[in-house]
Structures are given as structure tokens and as C-alpha cells.
Amino acid sequence: QMQKSKQPLQVTKDLGRWKPADDLLLINAVLQTNDLTSVHLGVKFSCRFNLREIQERWYALLYDPIISKLACQAMRQLHPEAIAAIQSKVLFSKAEEQLLNKVGSTSQPTLDTFQELLHKHPDVFYPSRTAKALQLHWQLMKQYYLLEDQTVQPLPKGDQVLNFSDAEDMLDDSKLKSVCLSVLPLTPLPPGMSSPDFDSQTLAVLRGRMVRYLMRSREITLGRATKDNQIDVDLALEGPAWKISRKQGIGRGWSRGD
């Protein structure tokens, strides 16, 4: 009897961690990519599931009749707006990205360009895809040098790799076929020249793609801000930052007399 009572307890525990929205995300993502590793790397669930947990949940949905039945019942209760929001987050398949790849990086495509792609390839694109969704994903691919006509910058070698953590981040990035976020150099204030960016406390300006950062001390930290980790320059403001370390690097300045 003790052995029989263990299974319902495990089912309840499993359902507690995996929300109906997580299950729908998982199912849609696997159907799109056929790759659980890609799902682990690319999908943001309500909990931080590791690869083994994602694999176990997928096989449970396929082969465990109790978990499968309860999960399906819960997913049917999701509000249509919630379902639409989940579908808008579905990962792009390789076939979809191959079509987006052919849109040149210098072609300046409009929404009509991507709408035409949807009309020409309805069998390739996920049913809920919109021209705007395609445009945004194409812009991300362009930003990370993933388009067919772009040349990927080589990773730094030798002394240019600062530490093991940096090297590990670069390896993770290569798995995702992306390149490291590059940061423009600090721009010191020319002698005798004033600027709205500068005041008596500002040593330099770090100009990013989206934001300008004022450097007001001789040393600043760069990375990704979290609730328990405050840094000077939050690179998450520049765009997708899930692969940026909490402490990605340190910037050192100079006095104006140097």
C-alpha cells in the first residue's frame, strides 16, 4: 500500500512545478524544433528547469497516462489570450530561419517583405506567426550575425581571453550560434569642450546601441543586473542578455589630467 501511494504524490509534486502554460510551451517548442536541448536553451519557463527535468516532463506527457490526462485537462482551461501569448513565444524552427536567412542584411526589408514570406510559405511558418514577428526575429538574427550574407567575427584568442568565465561564456554563445555582445570604447571629454552628457562628476561616456552610460568613477562593473546583484552598467538594457554574466567585466577610466 505504501508503494501505491508514492505515485499520486509524485504526480501532484510534478504538476505543482509544471504549470499548464509550461506544458503548452514545451509541446509547441518540441514540435517546432524536434530538439529538447534547443528547448532547454531557448525557452523561458515559469521555473528554471534543467535539461533532464525537461526530458522527463516530455516523456511523461507522452507515456504517463495519469500525468498526460491531468496536464491536458489543465491546458484546456487556459484562457484564449494566455494561449495566444504562449504561441507568440514559440521558438523558430530551422526551416523558418532558413527562409529568413535569405533576406539580405542590407536590403532594408519592410513589413510587406515578411508578409510576402508568410503568404509564400504557409506550410513552413508556425500558424500564429505575423509579419511583425518575422521582422523582429530577422532583426535579432542580423544583430547576432546569423544571416546568410554576414560574416561572423572570430572569437578572441590567447591573451585576449580575460578569464575562464569569459571563455566559458564564449563557448556557450557558440552553441547558440551567436556572437558576443561588443561594447564601444569609452569616449573621454576633449579638453576645453563641454557636452550635455558631461558634468563635473563624469569622466567618460560609454555609448551602447540603445543607451548611453555615464562613467563617474575610475572603475565600473559591466554585466546583467539582478535582484541580488547590482552593477554600474546593465547590458540587459541593450537587448537580449540571457547569455551575459552577472559580472561580465570591469571598465577602468582615467583622470582628466592624464
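Readers should treat all values here as calculations from the given coordinates under stated rules, not as data from a laboratory. Here the structure is a predicted model, which means the values were calculated and not measured. Glycine also receives a Cβ, built like all others from the backbone with ideal geometry; neighbour counts cover every protein chain displayed.
Observations on the structure shown:
- Annotation: the residues LEU203, LEU111, sorted from fewest to most other C-beta atoms within 10 Å of their own C-beta, follow the order LEU111, LEU203.
- In this label model, GLN139 and LYS247 are separated by 3.4 nm, measuring between points 7 Å along each Cα→Cβ vector.
- Remark: segment 53-62, residue by residue, has Karplus-estimated 3J(HN,Hα) of 5, 5, 4, 5, 5, 4, 5, 5, 5, 7 Hz, where x stands for each Gly or Pro and the curve is 6.51 cos²θ - 1.76 cosθ + 1.60 at θ = phi - 60°.
- Our coupling estimate for segment 110-121, obtained by passing each phi through the Karplus curve with A = 6.51, B = -1.76, C = 1.60 and θ = phi - 60°, is 9, 4, 4, 4, 6, 5, 5, 4, 4, 5, 6, 10 Hz, Gly and Pro reported as x.
- Rg of the Cα atoms in segment 94-143, relative to 2.2 N^0.38 Å, amounts to 1.01.
- Sites GLN230 and THR151 - FRET efficiency at Förster radius 41 Å, r taken between beta-carbons, to 0.05: 0.65
- Computed extension length for GLU116-LYS132: 4.6 nm, one decimal, from 0.36 nm per residue of separation with the Cα-Cα distance subtracted.
- Exposure proxy ranking, count of Cβ atoms within 10 Å, fewest first, for CYS72, CYS47: CYS47, CYS72
- Above-threshold pairs, the threshold being 21 Å between Cα atoms, out of LYS89/LYS142; LYS89/LYS247; LYS142/LYS227; LYS94/LYS120; LYS69/LYS94: LYS89/LYS247; LYS142/LYS227; LYS69/LYS94
- The order of LEU24, LEU235, LEU62, going from fewest to most other C-beta atoms within 10 Å of their C-beta, is LEU62, LEU24, LEU235.
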